[in-house]
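Each remark here refers to the structure printed beneath this line.
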Amino acid sequence: MQLLRRGDSGPAVEEIREKLGQLGLLVDTPQSRGYFDADVDHAVRVFQQGRGLITDGIVGPDTYRALREAGWTLGDRMLSFTLSSPTSGDDVAMLQERLLELGYNVGRPNGMFDQQTEQALCRFQRDYGMTPDGVCGPETLRAFRRLGRKVTGGRPSLLREQELLRRAGPRMRGKRIVIDPGHGGPDRGVEIAGVNEADLMWDMARRIAGRMSATGMEALLSRQETTCPTDVERAQFANDVGADLVVSLHTDANRSMHAEGLATYHFGNGSGTTSTVGEALAGLIQRELLTRTPMLDCRSQPCTWELVRRTRMPAVRIEVGYLTHLGDRRRLLDPEFRDIVAEGVLVAVKRLYLLGQDDQPTGTFTFSDVLAREFGRDQIRAI
């Protein structure tokens, strides 16, 4: 879609103004109708910040999708699963939250009516004497209103995700990770001075995957060197192979040559829904890489981008510096730096599974230490 920003005008801007007005973020006036002015820019930024989106005041695909979904409340429409084009919106998220409160597992309440949501809804309908058709209509809504909560003391989806991590055990061996190098094929991502994001992230992904495989993990790449799947396709790949974790690799760019640093992202929105394991992994990666490199700390942050939103397992996106910054670009071009990043990501994943037990100070864990934990030092020496 066309990117809309301050200074634009026309019917598309009028639609954005209308949606922001419905959300109580903008007071429309006849003289400003159809114009993307300072008030719209401010309202868009407020909305983006509350939804875990990049706060840039630009309405692109992610912001437009979030604006469209925010206009729905549970009961506004019939909800059901459709394979070709799954229904999404705030009303779906409300339905998922309600089912979770009643003890039915929908996975992460991400606002998308998927098969897991349909199955949970059918179980609820069957348990309460309704036709288990997987359609949330008037009868199902009446049943929700009559029932109280079954699960208290925390968000069930968060507790379930933490328990799955605990049960997985401290070993990396046998676990499956998808490494997602950003862009690819004809989409080269950020390109500066003959350097492009796609090639750098492909190289870094292979370095990470090689180290993960050495520990006994099954490391899969989300794309080939010459292909560029959409974020939806990358997430579906991770879901289809049953990955335990997803790590997505990108670099950033900015109009200012002074913008620099490292940032990590995990699923989370303004309503308190988050991936606790994803948040923990993002924090571990951020701390490891900041300790091992001189990169500036741009913090670990929640987001609702399609890849982290659509994956059923914890997913983290790493923005490894800015190619538009001379210092960050020099680091990224150094193979030794990319090795350091690969080791830091490996160690962070190992720390995640250790759950803080028998751990070492940040920045001191090495690749050899991880292998020794997995196989034993005597076996490593024998190899």
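The values are calculated or read from the model by the stated rules, or taken from the named source; none is laboratory data. Every value quoted in this text rests on a predicted model; they were computed, and no experiment measured them. Reconstructed Cβ throughout: ideal geometry from the backbone, glycine too, with neighbour counts over all protein chains shown. Only protein heavy atoms, including side chains, enter the accessible area calculation; ligands, DNA and RNA are left aside. Shrake-Rupley method; radii C 1.70, N 1.55, O 1.52, S 1.80 Å.
Scanning the range 275-286 turns up no residue that is closer than 19 Å to ASP252 by Cβ and in contact with a Leu (Cβ under 6 Å, 6 or more places away or on another chain). Among the residues of the range 318-329, are any in a loop (DSSP other than H, G, I, E, B) and among the aromatic types (Phe, Trp, Tyr)? Checked the range 318-329: no residue is in a loop (DSSP other than H, G, I, E, B) and among the aromatic types (Phe, Trp, Tyr).
If you go through the range 61-69 one residue at a time, do you hit one that is surrounded by fewer than 15 Cβ atoms within 10 Å (Cβ to Cβ), modelled with pLDDT under 95, farther than 30 Å from CYS136 by Cα and not basic (Lys, Arg)? The answer is no; no qualifying residue exists.
Quick grid of which residues meet (1) assigned to a strand (DSSP E or B); (2) within 23 Å of GLY344 (Cα to Cα); (3) at pLDDT 95 or above; (4) of a type in the set (Ser, Thr, Tyr):
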position	(1), (2), (3), (4)
SER248	yes, yes, yes, yes
SER256	no, no, no, yes
ALA263	yes, yes, yes, no
PHE267	yes, yes, no, no
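Residues that are without any contact (Cβ under 8 Å) to a residue 40 or more places away in the chain, under 23 Å from ALA235 (Cα atoms) and open to solvent by less than 40 Å² (accessible area, probe 1.4 Å) are absent from the range 262-276.
Residues in the range 174-230 that are within 13 Å of LEU249 (Cβ to Cβ), acidic (Asp, Glu) and open to solvent by 50 Å² or more (accessible area, probe 1.4 Å): ASP199 alone. When ASP199 is tested against the conditions (1) within 20 Å of ASP334 (Cα to Cα); (2) touching a residue at least 40 places away in the same chain (Cβ under 8 Å), the lone failure is (2).
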